[in-house]
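Q: Take this structure, written in structure tokens, and hold onto it; I'll ask about it next.
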Amino acid sequence: MANKPIPYLARGLYALLLFAAAQGVALAQSEQQNLVNAANTTLKNFLRDPNYSWLQQNIGRAKAVTIAPSVVRAGFIFGGSGGRAVTLARDPATGKWVGPGFYTLASASFGLQAGISAAEVVTLVMTDKAFNSMLAPSVKLGGDASVAAGPVGAGAGSALLADFITFSRAQGVFAGLNLEGSVIAVSNDWNERFYGKPGVLPPDILVRHSVHSKGAAALLATVTKATK
């Protein structure tokens with residue numbers, strides 16, 4: 001009689017282990033989902049800020065949009081500055097927005113204005129050259145492709161030509177972030193975790209549209225509304 005509870009105890013322990021493993025998977029997935037959610041908030045911040053009217057008026061011309069919810073001054077990659085970002089692309093045939101692809105943004109120094117340690121960044125990918133560079137493992141801004149800071153406030157009517165046009169803000173103010181020399185690199189492991197498939201690459205997400213996630217719906221809806 002004393003031995004009967006043992007199988008039930010073993011079953012309970014097994015169930016607990018399965019639950020812990022499932023929680024571990026959910027935690028890994030939520031890390032990517034949290035970034036997507038934060039990117040949606042960041043994009044909305046720029047779209048309702050009157051200082052970024054140039055971005056609001058020209059986002060519809062972009063081939064793709066890269067959003068970094070938090071770029072920090074130091075301590076991210078190799079002791080330099082940086083953050084994580086997502087990229088959405090527009091299908092040239094249908095006009096439909098797809099993605100996101102996951103990337104890292106890194107630099108030895110971003111030269112943030114005094115008193116600012118972190119900034120939100122939205123980068124418009126304006127040319128085919130810029131978009132194609134986002135399909136490679138990495139691209140150096142100002143090296144592989146040209147980059148320019150987007151007009152803010154009174155400069156919103158300015159004509160601007162560059163492969164990448166960047167905008168930054170921190171707590172509602174212009175952050176003065178210079179991305180010249182920064183490297184945008186594909187985050188393969190985050191792409192695989194978010195889409196739940198091994199070997200997911202940027203062309204699968206942004207060109208072939210062979211993977212999808214319901215977790216991107218809100219972010220895609222925001223950029224679609226902004227570009228109508």
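Q: With a point put 7 Å past each Cα toward its Cβ, work out how far residue 45 is from residue 72 in nm, to one decimal.
A: So the two model labels end up 1.5 nm from each other.
Q: Separation between the residue 132 and residue 207 pseudo-spin-labels, each 7 Å from Cα along Cα→Cβ, expressed in nm?
A: 1.0
Q: Taking the Cα centre of the stretch 36-226 as origin, sum charge times position over the Cβ atoms of Lys and Arg (+1) and Asp and Glu (-1), and report the length of that vector in debye to the nearest 20.
A: My answer is approximately 420 debye.
Q: Holding the Cα-Cα limit at 18 Å, pick out from 44/225; 129/228; 44/197; 129/225; 96/140 the pairs that are longer than that.
A: Violating the 18 Å limit, Cα to Cα: 129/228; 44/197; 129/225; 96/140.
Q: Where does the charge balance sit around residue 35 when Lys and Arg score +1, Asp and Glu -1, over other residues with C-beta under 12 Å from its C-beta?
A: +1
Read-outs throughout are calculated quantities, based only on the coordinates presented, and are distinct from any laboratory measurement. From a predicted model like this one, the values you see are computed outputs, not experimental measurements. Using ideal geometry, Cβ is built from the backbone for each residue, glycine included, and neighbour counts are taken over all protein chains shown.
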